[in-house]
Amino acid sequence: MSGTGRRFYRTLLTGLAALGVLIWAAVERFGIAWRDIAELLLGTVVVVAGIIVLAALCALVWTGLRRWLRRG
């Protein structure tokens, strides 16, 4: 494996470990319930999915307008 690949996987694992520590600290240190964390995660996923859908719709409208204006 190349140095770039190793660096990518090392960064990915370090980021996931940091995320795990943040979640552990939120539960253990600050007493946030797992249910609250799950709700926050679900809300984040819904917002990100909404942004992706809106971006796709904008791209479709943009390409549709370009094609329509080129024909006319």
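The values are calculated or read from the model by the stated rules, or taken from the named source; none is laboratory data. What you see is a predicted model; the values in this text were computed from it and never measured. Neighbour counts run over all protein chains shown; Cβ positions are idealised from the backbone, glycine included. The area values use the complete protein model at the heavy-atom level, side chains included, leaving out ligands, DNA and RNA. Shrake-Rupley method; radii C 1.70, N 1.55, O 1.52, S 1.80 Å.
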**Report entry** Hits in region 23-45 - residues which are in a helix (DSSP H, G or I) and exposed (fewer than 10 other Cβ atoms within 10 Å of the Cβ)
**Finding:** 28, 35
Report summary line: Pairing a residue in region 31-47 that is free of Cβ contacts under 8 Å to residues at least 12 places away in the same chain with any residue that is open to solvent by less than 80 Å² (accessible area, probe 1.4 Å), where Cβ atoms lie under 6 Å and the two sit 6 or more apart in sequence or on different chains, gives 32/26
**Report entry** All positions within region 5-15 that are loosely packed, with under 10 Cβ neighbours inside 10 Å and modelled with pLDDT of 95 or more
**Finding:** none
Report summary line: Out of (1) surrounded by 10 or more Cβ atoms within 10 Å (Cβ to Cβ); (2) among the aliphatic types (A, V, I, L, M); (3) not in a helix (DSSP H, G or I), the one residue 54 does not meet is (3)
